Amino acid sequence: MLTLLKLLKDGRFHSGQTLGAALGVSRSAVWKQLQHLEAELGLSIHKVRGRGYQLAAPLTLLDADAIRRQSASCDWPILVFDSIDSTNTEALRAIQRGEAAPFLVLAERQTAGRGRRGRKWVSPFAENIYYSLVLRIQGGMRQLEGLSLVVGLAVLQALRESGVQSAGLKWPNDLLVGQKKIAGILLELVGDPADVCHVVLGVGINVNMQSADEVDQQWTSMKLESGRLFDRNALVALLGITLQKYLDRHQVGGFTAIQREWEQNHLWQGRLVSLTAGSNQIDGEVLGIDSQGALRLKVGGVEKVFSGGELSLRLRDDS
Ligand code: ATP
């Protein structure tokens, strides 16, 4: 099916006969595959009598060589999947198989993309970036401190350098434009953080997505913000470069070297928020983050510090 898609991706018309000849199948088999493409991948294909078939919009697929050419300094192997349950899950499986880190897992789509707390990350085919970079960390609790916030800054820089200037950070792991989510981060760790461990830096960025009914909160994409389509290979390359830069800074100076810059880019600095953990809710004013990336809130006139994967932040109506 994907061979057929690769023949069509230039956005030109191709006759059923040429496609059938290239695939070594009959015209009716081509027709069936086209229907699968539409149903399975949500693609729209124009069918015009006498001219053939054409993708409604040209498609650029992920290409490890193109990514490598544009980010020569990132010398990690790149594994590209047409379809996978979740790039983070595949990364965790690859660690178990003994794949040597660092390495990068990318996919055109995720059938079970994940957010925090088992929530779903909507991941349509060939529109966005689903990215999991695996690092091996040895004896360095310090190297894990604030790491997901460091990744957030790297994603933010990649978005800004691509022209999405208005993006900012929301503690702990989201990137928003205004109130709309444009990217999310999910870090997962295996092994002993005090000895040798692997960390999966999972990043989902909405790139060319223009509709997604299943997303149950406000969202946006780079395309919706800028009005233009983006080359995902160039963006993956740029993200590798910005990640490497921030990871190096973090390794040398620890999270304190980055704390101030993170706060400067926090969209909700000084705002009134509600922090929820399960059924508990705490209202307060955002003071900033501490030297480990935990959230500092003023609650009833007293500063309190919060951290942990179960916490979710919302702006209060009176903010
Ligand atoms: P919250 O934003 O409530 O604090 P969270 O940060 O824990 O939640 P994540 O786990 O990062 O959220 O992301 C999962 C949530 O993001 C989903 O429950 C859904 O509301 C939203 N979402 C899912 N897919 C997308 C997407 N492609 N773009 C933007 N938002 C999405």
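The values are calculated or read from the model by the stated rules, or taken from the named source; none is laboratory data. Just so we're clear, the structure is a prediction, and the values are computed from it rather than from any experiment. What goes into the accessible areas is simple: the full protein's heavy atoms, side chains included, and nothing from ligands, DNA or RNA. Shrake-Rupley method; radii C 1.70, N 1.55, O 1.52, S 1.80 Å.
Each residue of region 46-57 in turn: what ³J(HN,Hα) in whole Hz from Karplus with 6.51, -1.76, 1.60 and θ = phi - 60°, glycine and Pro shown as x?
Karplus-based 3J(HN,Hα) across region 46-57 equals 7, 10, 10, 4, x, 10, x, 10, 8, 5, 4, 9 Hz.
How big is D for region 64-264, in µm² s⁻¹ as a whole number, if Stokes-Einstein is applied with the Kirkwood radius of its Cα pairs at 4 °C and 1.567 mPa s?
Working: Rh = 16.9 Å.
Roughly 77 µm²/s, to the nearest whole number.
Could you tell me the relative contact order of region 2-55? Use alpha-carbon pairs under 8 Å, at least six residues apart, and round to a whole percent. Walk me through the numbers before you get to the answer.
On the way: 57 pairs, mean separation 23.9, N = 54.
For region 2-55, the relative contact order is 44 percent.
Using a Cα-Cα cut-off of under 23 Å, which lysines could be cross-linked to Lys9, ignoring same-chain neighbours fewer than 8 residues away?
Lys32, Lys47, Lys223
Full-extension gain between Leu189 and Ser166, please, as 0.36 nm times their residue separation minus the C-alpha to C-alpha distance.
Values: separation 23, 0.36 × 23 = 8.28 nm, distance 3.09 nm.
Here the answer is 5.2 nm.
Could you work out the per residue convex hull volume over the alpha carbons of region 1-115, in cubic angstrom?
Values: hull volume 15.6 nm³, N = 115.
Expressed per residue, the convex hull around the Cα atoms of region 1-115 is 136 Å³.
For Arg316 and Phe81 in the same chain, what is the full-extension length gain: residue separation times 0.36 nm, less their Cα-Cα distance, in nm?
On the way: separation 235, 0.36 × 235 = 84.60 nm, distance 4.04 nm.
Answer, rounded to one decimal: 80.6 nm.
If I ignore ligands, DNA and RNA and count only protein heavy atoms, how much of Lys245 is accessible to a 1.4 Å probe, in Å² to the nearest 10?
Taking all protein chains as shown, Lys245 has close to 90 Å².
Per 10 Å bin from zero, what fraction in whole % of the C-alpha pairs of region 166-310 is there, up to the bin with the longest pair?
9, 33, 36, 20, 2
Taking θ = phi - 60°, what integer Hz values does the Karplus form 6.51 cos²θ - 1.76 cosθ + 1.60 yield along region 181-190, in sequence order, with x for Gly and Pro?
My calculation for region 181-190 gives 7, 10, 7, x, 10, 9, 9, 9, 10, 10 Hz in order.
Taking every pair of alpha-carbon atoms in region 2-55, what share in percent sits in each 5 Å bin, from 0 to the bin with the longest distance?
Here the calculated profile for region 2-55 is 4, 21, 37, 28, 8, 0.
Highest GNM mean-square fluctuation, the chain, Cα pairs closer than 10 Å: which of Tyr246, Tyr53, Tyr131?
Among Tyr246, Tyr53, Tyr131, the largest mean-square fluctuation in the Gaussian network model of the chain belongs to Tyr53.
Over the Cα atoms of region 272-315, what radius of gyration and what Dmax do you get, in Å?
Cα-based Rg and Dmax for region 272-315 come out at 9.7, 28 Å.
What percent do you get for the relative contact order of region 165-315 when only Cα pairs under 8 Å and 6+ apart count? Could the numbers behind the result be given before it?
Working: 221 pairs, mean separation 23.2, N = 151.
Averaging sequence separation for qualifying contacts and normalising by length gives 15 percent for region 165-315.
What number, in percent, do you get for the relative contact order of the chain if the mean sequence gap of Cα pairs under 8 Å and at least 6 apart is divided by its residue count? Kindly include the intermediate steps, with their values, before the conclusion.
Working: 621 pairs, mean separation 44.1, N = 319.
Computed over the chain, the figure is 14 percent.
For region 9-21, in order, what is each residue's ³J(HN,Hα) by Karplus, 6.51 cos²θ - 1.76 cosθ + 1.60 with θ = phi - 60°, in whole Hz (x at glycine and Pro)?
The phi angles translate into 5, 6, x, 8, 6, 9, 6, x, 5, 4, 5, x, 5 Hz.
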